[in-house]
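Input: a single structure, listed below in structure tokens.
The values are calculated or read from the model by the stated rules, or taken from the named source; none is laboratory data. Predicted model, so just to flag it, every value in this text is computed and none were measured. Heads up, the Cβs are rebuilt from the backbone with ideal geometry, glycines too, and the neighbour counts pull from every protein chain shown. Ligands, DNA and RNA are excluded from the accessible area calculation, which covers all protein heavy atoms including side chains. Shrake-Rupley method; radii C 1.70, N 1.55, O 1.52, S 1.80 Å.
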Amino acid sequence: MITLQEFYQYLTQLLESTPVEDYCPNGIQVEGSKEIKTFATAVSASLPTIQSAVDLGVDALVVHHGMFWKFDTMSVEGVKREKLRLLIENNITLIGYHLPLDMHQEYGNNWKAAKDLGMKDLEPFGVYNGTAIGVQGAFDAISREAFIEKLEEYYGHNAATALGGKETVSTAAIVSGGAHGNISDAIKAEVDCFITGSFDEYIWNIAHEEKINFCALGHTATERVGPQALGKHLADTFDIKHSFIDTINPF
């Protein structure tokens with residue numbers, strides 16, 4: 001068991017050592033128990049996720065997508081009210097880290113994936129408001145079909161592809177989540193493949209016109225990486241029980 005203060009102080013030092021302008025508050029969003037014996041991580045603070053946290057009896061829930069966003073209404077009603085009720089009545093602390101958990105070079109969605117996929121010569125990639133969120137790197141040359149199979153196995157999700165580039169690939173850039181617009185950065189970086197979570201109609205034409213391979217593995221699937229890695233690290237560091245809540249979301 002540790003105190004919430006110890007837990008949060010460690011998270012702050014770990015994830016916010018490099019300040020980044022975000023469009024949501026990072027850190028504690030709802031304060032609950034002052035002591036943490038067990039905690040969970042998840043991608044999003046959805047109602048099913050919070051209900052699962054209640055069922056697990058955790059003291060804290062750490063997510064990538066929290067409850068509050070700059071573009072969101074300030075009214076507490078409907079589903080938002082129900083989420084707050086569940087958290088408060090069950091004394092669960094909600095902690096959210098958005099871009100800091102994308103960009104972290106050990107436990108983030110992008111660098112951790114690159115390392116797991118065997119990429120080397122890693123460099124920051126995909127600048128948002130002056131800060132690089134993603135990563136690019138190289139790997140042993142492989143057919144793009146085999147590379148896509150490797151991506152699908154790693155993320156546990158089918159790839160939506162626009163294959164306008166080389167048939168044999170050895171470089172890639174990764175920005176998890178809804179980052180299909182960063183294909184322009186991948187083109188400038190002259191990598192063989194761009195890996196993200198989301199896609200849109202215009203990406204098909206860009207990928208073929210600019211001769212790059214585009215692979216979308218799902219917003220949620222590409223952002224399970226960080227919460228799971230962070231959860232394991234925190235559990236090992238503080239010797240407390242951790243659960244990863246993996247609610248269904250194919251997007």
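Hey, does segment 47-55 have a residue that's among the charged types (D, E, K, R) and either in contact with a helix residue (DSSP H, G or I) (Cβ under 8 Å, 6 or more places away or on another chain) or within 13 Å of LYS83 (Cβ to Cβ) (or both)?
We begin by selecting, within segment 47-55, every residue among the charged types (D, E, K, R); these are 55.
Filter once more, keeping what is either in contact with a helix residue (DSSP H, G or I) (Cβ under 8 Å, 6 or more places away or on another chain) or within 13 Å of LYS83 (Cβ to Cβ) (or both): none.
Looking for residues that are among the charged types (D, E, K, R) and either in contact with a helix residue (DSSP H, G or I) (Cβ under 8 Å, 6 or more places away or on another chain) or within 13 Å of LYS83 (Cβ to Cβ) (or both), one finds none in segment 47-55, hence no.
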**Prompt:** Can you name the number of the only condition in (1) open to solvent by 10 Å² or more (accessible area, probe 1.4 Å); (2) at pLDDT 95 or above; (3) touching a Cys at 6+ places or on another chain (Cβ under 9 Å) that LYS83 fails?
**Reply:** (3)
**Item:** Options VAL54, VAL62, VAL43, VAL76: the member that is outside any loop (DSSP other than H, G, I, E, B) and either surrounded by fewer than 16 Cβ atoms within 10 Å (Cβ to Cβ) or free of Cβ contacts under 8 Å to residues at least 60 places away in the same chain (or both)
**Value:** VAL54
**Item:** Single condition GLN228 does not satisfy, out of (1) outside any helix (DSSP H, G or I); (2) in contact with an Asp or Glu (Cβ under 9 Å, 6 or more places away or on another chain)
**Value:** (1)
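Mind checking which residues of segment 111-134 are farther than 16 Å from VAL20 by Cα, outside any helix (DSSP H, G or I) and open to solvent by less than 30 Å² (accessible area, probe 1.4 Å)? Walk me through it before giving the result.
Of all residues in segment 111-134, those farther than 16 Å from VAL20 by Cα come to 111-123.
Add one more test, that the residue is outside any helix (DSSP H, G or I), and what stays is 117-123.
Answer for segment 111-134, where residues must be farther than 16 Å from VAL20 by Cα, outside any helix (DSSP H, G or I) and open to solvent by less than 30 Å² (accessible area, probe 1.4 Å): LEU117, MET119.
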**Prompt:** Somewhere in segment 199-211, is a residue open to solvent by less than 70 Å² (accessible area, probe 1.4 Å) and not in a helix (DSSP H, G or I)?
**Reply:** no
